[in-house]
Amino acid sequence: MLRGGMLAASLLWAAGAWPQGEVGLVLPGDYPDPSVLRDGDDYYMTHSSFNYVPGLLVWHSKDLRHWEPVCHALTEYHGPVWAPDLVKHGGTYYIYYPAGGTNWVVWAKDIKGPWSRPVDLKLGGIDPGHVADEEGNRYLYVDNGQVVRLSPDGLSTLGGKRKVYDGWAYPSDWQTECFCLEAPKLMRRGEYYYLTSAQGGTAGPATSHMVVSARSKDVCGPWENSPCNPVVHTWSADEPWWSKGHGTLAEGLDGRWWMFCHGYAKGFHTLGRSTLMTAVEWTDDGWFRVDGDADVPGTSFNLPLSDEFEDDTLGMQWAFWEEYAPQALHFEDGVLWVDGKGTGAADGRLLLVNPGDRSYEVQAEVHPGSGNAAGLLLFYDGGAYAGVVCDGRAWRVYGGAKEVRELECAPARKFHARIRNVENRIDIAVSCDGRDWMTLAEGMDVSALNHNRCGGFLSLRPALLSAGGGRAGFGCFRYRPL
């Protein structure tokens, strides 16, 4: 027998969907799996950083609307970083995250750092979620409804995992990627602990992902599923945001409540999953649901992607690929010199930025060195990229990691490279002086360079490449929306 709340939910399923409110865009581009911490009158947020290093970029806001980058909490690479949880306990900040088949934690007394080196919890599972009970005992949830006790300092586990939650049984005819109970986020309000989870898989069909909620009077359950489930869900491929899910709650300074989640912009899986927000309200019987009548305020963030390389440190917009190698960087008179490695675009040294626009142009001044190949790419991973590379003898134009054209070039100490990406169709051009351009490729389709085709949960990012034994220089990197 269905209780009243579940009966109401079943009638809404028959009508087509649970009521959904306005969805606002917080961070465009590849900012998935948001974890939001309220710390007094301040808010902090971090995301999955995958194969990009430094990782775990921490953002700060005073109002949940305007965001500024603060620091990177992770400068080591031990595998792709998925779905972190940023928390504060006993005056210390912690970020729990999975990578390389285990779970880790970094900690700091000041949110701006310095952050500790990663501590291996020797714990399997993904998507850790931290919670403490009223006595201060600490626990870590992971995927599949499992929980483990943490030591008082939060840097090790006590005992093994145990399963305490089975998730929410959504209708069997829904089009999802997998059941995939994951992304546990926990909080206490009143007499209840609330467990917010993701189900349905994070990509695949537009309607795959969802946010579900459960509550309990004990931190380890038993858990009662919400009659408002799914709290957030993409009901149709006609919606502007696909695969919405992975929710975390935050209370505004004015007492209003918000849910932060992520989703793919319709038709633009190449951009990865953006951070989104929607208003939620609390019901009289202690559940939360999307507030269908609330307006979502406009938001903004401050992280310019262009760089003149006038400082002697790398800006926060940049990340290496699967390494952290600041020792390979040399700043000299507005030129960033990068020691090469590997043999080409698939295994060379890369510096990447995270675009958030559906159409944009990137341009860079490139100085190939002796024994070096350098260029400008749109890079997904070592088997999926497009762009132009020059070794001083020839231009090599790539599309989808396949060399599609090679042209001889006159020896030059530098050249300018430009890629225009107009809704996943790119033009590639080069110039000797930055004024007269020669088009090397036009209308190249890069829409397939995304997770649903290539795996990895990554995004297609502009990248500077330095490959080989020499050193390449880069000046005046410019990014502009189109």
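Taking the stretch 133-164 as the range and being surrounded by 13 or more Cβ atoms within 10 Å (Cβ to Cβ), among the hydroxyl-bearing types (Ser, Thr, Tyr) and without any contact (Cβ under 8 Å) to a residue 40 or more places away in the chain as the test, the residues that pass are 156, 157.
Pairs linking a residue in the stretch 357-371 that is assigned by TED's automatic domain parsing to the domain that holds residue 387 to a residue that is among the polar types (S, T, N, Q) and part of a strand (DSSP E or B), with Cβ atoms under 6 Å and 6 or more positions apart or on different chains, are 360/421.
You will find that of 405, 420, the residue that is more than 19 Å from residue 364 (Cβ to Cβ) and part of a strand (DSSP E or B) is 405 and no other. In the stretch 387-400, the residues that are under 18 Å from residue 350 (Cβ atoms) reach residues that are at pLDDT below 85 with C-beta atoms within less than 7 angstrom, at least six apart or across chains, in these pairs: 390/409; 396/403; 396/406; 397/404; 397/405; 398/404.
Specify which of the listed residues (340, 298, 263, 267) is under 30 Å from residue 436 (Cα atoms) and not charged (D, E, K, R). The conditions single out 340.
Candidates 22, 68, 76: the one that is surrounded by fewer than 17 Cβ atoms within 10 Å (Cβ to Cβ) and not in a loop (DSSP other than H, G, I, E, B) is 68.
Hey, any hits in the stretch 107-121 for a residue that's under 23 Å from residue 194 (Cα atoms), surrounded by fewer than 21 Cβ atoms within 10 Å (Cβ to Cβ) and among the basic types (Lys, Arg)? No.
Scanning the stretch 336-360 for residues that are surrounded by 17 or more Cβ atoms within 10 Å (Cβ to Cβ) and more than 27 Å from residue 310 (Cβ to Cβ) yields a count of 4.
Looking across the stretch 406-461, the residues that are under 18 Å from residue 380 (Cβ atoms) and in contact with a His (Cβ under 7 Å, 6 or more places away or on another chain) come down to 450, 451, 452, 457, 458. Checked against (1) closer than 26 Å to residue 265 by Cβ; (2) among the hydroxyl-bearing types (Ser, Thr, Tyr); (3) surrounded by 21 or more Cβ atoms within 10 Å (Cβ to Cβ), residue 226 meets all criteria but (1).
Which is in contact with a strand residue (DSSP E or B) (Cβ under 9 Å, 6 or more places away or on another chain), among the small types (Gly, Ala, Ser), assigned by TED's automatic domain parsing to the domain that holds residue 180 and in a loop (DSSP other than H, G, I, E, B), of 263, 286, 245?
On the way: 263 fails: in a loop (DSSP other than H, G, I, E, B); 245 fails: in a loop (DSSP other than H, G, I, E, B).
Only one candidate qualifies: 286.
Filter the stretch 207-224 for residues that are of a type in the set (Val, Ile, Thr) and part of a loop (DSSP other than H, G, I, E, B) and give the result.
Hits for the stretch 207-224 are 207, 219.
So which of 275, 343 is among the polar types (S, T, N, Q), within 23 Å of residue 387 (Cα to Cα) and outside any helix (DSSP H, G or I)?
Details: 275 fails: within 23 Å of residue 387 (Cα to Cα).
It is 343.
Taken together, 32, 54, 80 contain a single residue that is within 16 Å of the chain's Cα centre (by Cα) and more than 20 Å from residue 246 (Cα to Cα), which is 54.
Exactly one residue out of 255, 245, 292, 267 is buried (at least 21 other Cβ atoms within 10 Å of the Cβ), of a type in the set (Gly, Ala, Ser) and either out of contact with any helix residue (DSSP H, G or I) (no Cβ under 9 Å at 6 or more places or on another chain) or at pLDDT 95 or above (or both): that is 245. Residues of the stretch 427-481 that are in a loop (DSSP other than H, G, I, E, B) and either within 23 Å of residue 354 (Cβ to Cβ) or in contact with a Cys (Cβ under 6 Å, 6 or more places away or on another chain) (or both): 446, 447, 448, 449, 450, 455, 456, 457, 458, 459, 460. When each of 361, 322, 281, 251 is tested for being more than 25 Å from residue 47 (Cβ to Cβ) and under 23 Å from the mean Cα position of the chain (by Cα), the lone residue that passes is 361. When residues in the stretch 425-482 are screened for being under 16 Å from residue 361 (Cα atoms), free of Cβ contacts under 8 Å to residues at least 40 places away in the same chain and of a type outside the set (Asp, Glu), 8 of them pass. For residue 281, state whether it is surrounded by fewer than 17 Cβ atoms within 10 Å (Cβ to Cβ), modelled with pLDDT of 95 or more and assigned to a strand (DSSP E or B). The answer is yes for residue 281.
The values are calculated or read from the model by the stated rules, or taken from the named source; none is laboratory data. Model, not experiment: these values are computed from the prediction. Note that each Cβ is placed from the backbone with ideal geometry, even for glycine, and that neighbours are counted across all protein chains shown.
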